[in-house]
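Take a look at the structure below.
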Amino acid sequence: MNVVGKIDATKGKGVGNRLAVADCDIHPTVNGYRDLYPYLEKRWQTHLQTYGAKVRHGYQRGAAYPKGQPDAKRRDAWPEGGGLAGSDLRLLQTQHLDANNVELGVLNPLTFCGYGLLNSDLSAALATAANEWQKNDFTRRDPRLKASIVVPYEDGPAAAREIERCAAEDDFVQVLLLSRTAEPLGKRNYWPIFEAAAAANLPVGVHAFGYGGAPVTGSGWPSYYIEEMFGHSPSCQALLASMIFEGVFERYPNFKLVLIEAGCAWLPAFTWRLDKHWERLRSEVPHVKRPPSEYIRQQVWITTQPIEEPEPRSHLVDVIDWIGWDRLLFASDYPHWDFDDPAVAFPIDIPLDLRQQFLLTNAKALYGVQ
Amino acid sequence: MTLDGPIDCDIHPIVPSSEALLPYLPGHWAEVVVQRGITDLDSASYPQSTPLASRPDWRSDHARPGADLTLLQAHALDRWGLSAAICNCVYGVWPVFSADMAAAFSHGLNAWIAAEWLDRDPRLRSSIIVPLQSPQLAAEEIDRWAGDKRFVQVLLPVFADMPLGNRYYWPIFEAAARHGLPVGIHAGSTYRNPVTPSGWPSYYVEDYVAQSQGFHSQLASLICEGTFVKFPELKVVFIESGFTWMPSALWRLNKYWQGLRMEVPWVDRSPSEIAREHIRLTLQPVDAPPDPELLNRFMTHMESEDMLLFSSDYPHWQFDRDEVVPPGLSPSLLRKIQYDNPRATYSRLTERAQ
């Protein structure tokens, strides 16, 4: 939401003055299933053409709530030659990677990647296709870019197999799921994902969105898109609680969780709440050995976008002090409309070392990228 | 009545058994209870034996926690010198499927509260329990009790069939606003929807922690639907909601409102401005570490000293000894929380005193 005008890609916006950036949430975009056909068996191509992809909401294609603008994309990020914003590597390079001095860009593809489909086999086939597509169209063409392993997360064993298939290739730096799963994310059917990710020493990124069948609020479906968007932070709170109380962090001590695109300022208050009620009700969950805050402090990272902008801005510094500056990851969300510009994303002046930690070094350390 | 002690905005009388309600149920409903063997409607939100349901030293051999007025007096009303305490009876009317049955039990509960609690201690006040299964019947229940000034608000659960700002529920808000009653939204659920956006959690602790996510949703719903535009005098009190989640939730909602306000053009002020005017939150549980310096730093994030209302959440185990307010708050803020804010929110408290 910090887009104040069209970025002039040709002029690069004074790259020399900009700090190097690791962007932990870039969305390379599949234009349609046809882009993935080179990586799909004929059987699935025919299936998609005949039956489409069944999802847990009421429309054949697209989102349950109409977005604020076409495909929720920045209006200046659509390629002149056609295709969806985010589908063209050249424009991504000139408009974002070069212009904003992005040294590391973590790719999180969203649409057409099979997330949460009701047909588990199709979900798995599309995940594999999306991973091959990321390599061929992005990571093998620009060394700054690293991919996330898309997994068919509603089928734990299939997701684990996809992780094992991809983990050896250094194109991939994390495993990726969406936040709105069919069951709370700590439940045991998802454990094969965490086990495989921990074994491969890959963080699991959970990106807001998706459709798991349950309403985005525990009180049913809201009327508006703004409520759905707002709802992503409470959704992430719920999945974090589930992972803690089901014992995921306790069971997999080197498992790392990255929360993506749900904002960040909610984390301290939610951690306090978890600690308070764990203390009272811990006899119900004896497998949770330590206060939730300890697992969060050691095993959870959080991307800032869309970063909260309190008045006064100093409140945000309090919040990050409580989270821990070493847990914070910059994300732009390019090419989406609520893009955070790295030059102004942290809306208050902070010391250079903290700014560099936030913009670059935390992410490089987490993802093991030199 | 001078209201010179703290005003407790959330205590929980418990229905000892469905038999206790029989004399108060309207029409043929007492007969239905016996004939169909409806032994109890205890809400799944508060299992009685969990550590949360009652402080150990408030439990008794002869009564369920919260079922005995003399214990409530000894443990809370007398001990803390409360001038008034608002009863929020979280009995299982909310999950009932039949609107007629819910209306009968709401009526019975309100009559039971009036006779067994309000008549027996002049410090007690109550929320009106309503059958939200039918907003029309709920409005009628509000009209039925609003003449009794000891009923000071209307009570709804934080998890309902739909987000509570939805216009389907507006007859409830209309009736409340017409009588000058705040609408209290309390932790608890109809359990029509999973309490999390990704389904049913395994453990009670998750259910309880999830309540604050429900309050996030209601905050957004009430503001985005324009409930406060339609009912400009309305106050909504979030009860047993926790409160430390509120500032960051408002920052997030403000930001999305800036980007998406074209979708809800009637929201003509920032969500945080609307919330500061219309929304209040009760104190317990204090979901923050017992660190005065941190808590005071956090309090500046609330950007208002008018939003918090003193509550003990009796008999729930949220604190020990007499630490019903967290240590280290400034005397002026404490005074607002314990006296001024409750009085300003519940105008009926002072009307009665005059």
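Any read-out appearing in this document is the output of simple, stated calculations on the displayed coordinates, not a laboratory observation. Computed from a prediction, not measured in an experiment: that's the story for all the values here. As a convention, Cβ positions derive from the backbone with ideal geometry for all residues, glycine included, and neighbour counts pool all protein chains shown.
Side notes on the structure shown:
- Placing +1 on the Cβ of every Lys and Arg and -1 on the Cβ of every Asp and Glu, with nothing else charged, gives chain A a dipole about its Cα centre of roughly 520 debye.
- Near the amide H of B:D8, within less than 5 Å, lie the amide hydrogens of B:S83, B:A84, B:A85, B:I86, all on another chain or at least 5 residues away, with H placed in the peptide plane.
- Cα→Cβ-extended label distance, 7 Å offset, between A:Q370 and A:R282, nm: 4.3
- Chain B - mean residue ellipticity at 222 nm from DSSP helices (-39,500 (n - 2.57) per run, n ≥ 4, rounded to 500): -10500 deg cm²/dmol
- Rounded to whole numbers, the Karplus 3J(HN,Hα) couplings from phi for the stretch B:178-191 are 4, 9, x, 9, x, 9, x, 10, 10, 3, x, 9, 6, 6 Hz, using 6.51 cos²θ - 1.76 cosθ + 1.60 with θ = phi - 60°, and x at Gly and Pro.
- Against the compact-protein benchmark of 2.2 N^0.38 Å, the Cα-based radius of gyration of the stretch A:213-266 scales to 1.32.
- Label reach from A:L19 (point 7 Å along Cα→C-beta): in the stretch A:307-326, amide nitrogens under 13 Å belong to A:325-326.
- About its Cα centre, the dipole of the protein assembly as shown is roughly 920 debye, where the only charges are +1 on Lys and Arg Cβ and -1 on Asp and Glu Cβ.
- Under 5 Å between amide hydrogens, built in the peptide plane, is the criterion, and for A:E103 it picks out A:V21, A:A22, A:D23 among residues at least 5 positions away or on other chains.
- In sequence order, calculated HN-Hα J values of the stretch B:303-315 (Karplus, 6.51, -1.76, 1.60; Hz; x Gly/Pro): 6, 6, 9, 9, 8, 8, 10, 4, 8, 9, 6, 4, x
- Geometric extent, Cα atoms of chain B - Rg, Dmax (angstrom): 19.3, 59
- Based on the convex hull around the alpha carbon atoms, the protein assembly as shown presents an average projected area of 31.0 nm².
- Over all projection directions, the Cα-based convex hull of the stretch A:22-367 averages an area of 16.9 nm².
- Across the stretch B:334-346, computed HN-Hα scalar couplings (Karplus, 6.51 cos²θ - 1.76 cosθ + 1.60, θ = phi - 60°) run 4, 5, 4, 5, 7, 10, 5, 5, x, 4, 5, 7, 9 Hz from first to last residue, x flagging Gly and Pro.
- Placing +1 on each Lys and Arg Cβ and -1 on each Asp and Glu Cβ, with no other charges, gives the stretch A:235-315 a dipole about its Cα centre of roughly 340 debye.
- By average C-beta atoms within 10 angstrom, highest first, the peptides A:340-346, A:50-56, A:147-153: A:147-153, A:340-346, A:50-56
- Amide H contacts of A:V175 (H built 1.01 Å from N, under 5 Å, at least 5 apart or other chain): A:I149, A:V204, A:G205
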